[in-house]
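The values are calculated or read from the model by the stated rules, or taken from the named source; none is laboratory data. Predicted model, so just to flag it, every value in this text is computed and none were measured. Cβ placement follows ideal geometry from the backbone for every residue including glycine, while neighbour counts extend to all protein chains displayed. Ligands, DNA and RNA are excluded from the accessible area calculation, which covers all protein heavy atoms including side chains. Shrake-Rupley method; radii C 1.70, N 1.55, O 1.52, S 1.80 Å.
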Amino acid sequence: MEGINEEMQHLRFKASELLLREEWNDSINAYSQFISLCHQHLSDSDTLKGESGAADQTSKLTKSLCLAFSNRAEAQYRLRDFSGALVDCDRALEIDSTHCKSLICKGRILLDLDRYSKSLDCFRRALELQISGGCENLHGFLDRCKKLEFQSRTGAFDLSDWVLNGFHGKSPELAEYVGPVQIKRSENCGRGLFATKDLEAGTLLIMTKPVAIGRAILPEPGDDSGDCARMVMWKDFVNKILDAAKRCRKTLQLIYALSTGEDEEGLEVPDLNLFRPETEESCFSEEKPDMGRILKILDVNSLTEDGTCAKTLGKKSGFYGVGLWILASFVNHSCNPNARRLHIGDHMAIHASRDVKAGEEITFAYFDVLEPLKKRRELSKTWGFYCKCKRCRFEKEISYSEELREIEMGLENESEMGEIVVRLEERMRRWMVKGKEKGFLRASFWEAFSGVLKSERLMRRWGRRVPAAEMVAESVAEAVGGDERVVKVVVDTWKKGGVVVDMERAMRLGRGVYGKMMRKKAIRALLELGICEQSY
């Protein structure tokens, strides 16, 4: 027994030193050996019950075992092995439910797993114990946890200060949030995300972080090293996904819930609750990652930060980013989209870019939809699908399509923009096109409308026959959701004409672009309105 005590003491000192030196893997191995010896010694002590000093020896071993579990959990946490770390925290707390260090470690793990309520319970219990040492940052953890729990429960995010501060410093810490949406079968393709109630433009639908993200500064187009750089970045991204899948069976099973691009109609519709951060890992089956299957899933579901329907806040110029945001992967394309995405740090926010009806499918644009039907069809082919949205069907089926093609040809042949706009407006009046359908066609010929509205020369010539900028913008926004290019043209037109900027109108358009996660001053700063200071 004396030999065991010496070996245990040596291992304990070695493990502690490795932990202090942040050599996490080696410290885990040392603590594992120490824990094994502890169990062996405790088993031997059971046979010596009643002998002098046995109870005291058992008590000391039990305390050492509790600390070893806690320290091994810390090392596993640093290596992002949250599952193993949680198990060790629970083992330590089974020995001593008042072990402050283990409570704090468990709270930090749960916080990183976005399980805010349970994390808050751990920090509160640790604070109630009022044990000095290791609890200095407890109030800070509590404040963070309360803020994130509130965000996750209510969807009340405010990025205003960060935006107005010019994106200085780190991006805001944001909670996972799943709003009024559900997964259902889509009439267009496979499965999709649907609104569960009526939503105003700007309403936040999802705030989520990626399984993994890869970023790199890539060479300019045409540089021979560009393909190699993309290959290196993609390989690194795939490795990050595989590592995350190996560490957490919940992550792997959620990845497996995504489409591989095959048998779309036969795919199961998963329960949305599985995607909520509170869902326990024990709800998911144990399975090993399949490299081939994961590569197919990434090929179909990975998103870039600089997508047409996306805006990256605080992004350094030159960076290219690709990531896997699982729930966002259920959002299908439409040329009549009703949602946009913002990238904030690693998080993605998806919000309604126009008013949405309950039961309506949530869609965003995979490519630029401010283009005529012919061009959109060409773009959709590169994505491997044929868009059948309401807008595409309307533009395909209109009886006067021959005349419309002539106007399209004028755009292709770079005819004068004013003539194209006037011809289109005259044809729409003759064809009695109204409401949203008028917005569809204006969106299809946005290049011509923006060219005229931005040109003082063309406005002098055609102005009386061209609709007001705000009328065009509002109809386009109703057709394809908020778009920064549309808002910018409207505001610039107001300024050039010496017209007082209608802030309420501008904010309505701006919320479609940036959502309701910031105050008016912040939206104004993002749109660079450049108007006089006002108080809101």
Report summary line: Taking the range 181-196 and keeping residues of a type outside the set (S, T, Y) and either assigned to a strand (DSSP E or B) or at pLDDT 95 or above (or both) leaves V181, Q182, I183, K184, R185, R191, G192, L193, F194, A195
Report task. Please go through the range 244-269 and pick out each residue that is open to solvent by 70 Å² or more (accessible area, probe 1.4 Å) and either under 17 Å from W325 (Cβ atoms) or not in a loop (DSSP other than H, G, I, E, B) (or both). Result -> K246, R247, E265
Query raised in the report: All but one of (1) in contact (Cβ under 8 Å) with a residue 40 or more places away in the chain; (2) open to solvent by less than 90 Å² (accessible area, probe 1.4 Å); (3) not in a strand (DSSP E or B) hold for K240; which doesn't?
Result: (1)
Query raised in the report: Counting just the residues of the range 421-437 that are surrounded by fewer than 22 Cβ atoms within 10 Å (Cβ to Cβ) and either within 41 Å of the chain's Cα centre (by Cα) or acidic (D, E) (or both), which one comes out farthest from V369 (Cα to Cα)?
Result: E426
Requested in this report: Determine the pairs where a residue that is farther than 19 Å from A365 by Cβ and at pLDDT 95 or above, located within the range 314-332, has a partner that is of a type in the set (S, T, Y) and part of a loop (DSSP other than H, G, I, E, B) with Cβ atoms under 6 Å apart, the partner being 6 or more residues away or on another chain.
Outcome: L324/S302
Query - Among residues of the range 364-380, those that are within 21 Å of the chain's Cα centre (by Cα) and either under 25 Å from A506 (Cβ atoms) or open to solvent by 40 Å² or more (accessible area, probe 1.4 Å) (or both), counted - result: 4
Query raised in the report: Which one of L42, L48, L61 is at pLDDT below 90, among the aliphatic types (A, V, I, L, M) and in a loop (DSSP other than H, G, I, E, B)?
Result: L48
Query raised in the report: With respect to W383, is the statement that it is aromatic (F, W, Y), modelled with pLDDT of 85 or more and open to solvent by 20 Å² or more (accessible area, probe 1.4 Å) true?
Result: yes
Report task. Could you tell me whether the range 450-457 includes any residue that is free of Cβ contacts under 8 Å to residues at least 12 places away in the same chain and part of a helix (DSSP H, G or I)? Result -> yes
Query raised in the report: Among G498, G463, G482, which is the only one that is under 29 Å from the mean Cα position of the chain (by Cα) and either at pLDDT below 85 or not in a helix (DSSP H, G or I) (or both)?
Result: G482
Query raised in the report: Taking the stated definitions as given, is T279 more than 22 Å from E176 (Cα to Cα), of a type in the set (S, T, N, Q) and assigned to a loop (DSSP other than H, G, I, E, B)?
Result: no
Query raised in the report: Out of K488, K516, K521, which single residue is at pLDDT 80 or above and in a loop (DSSP other than H, G, I, E, B)?
Result: K516
Report summary line: Quick count over the range 456-496, residues being open to solvent by less than 60 Å² (accessible area, probe 1.4 Å), more than 28 Å from R341 (Cα to Cα) and out of contact with any helix residue (DSSP H, G or I) (no Cβ under 7 Å at 6 or more places or on another chain), is 2
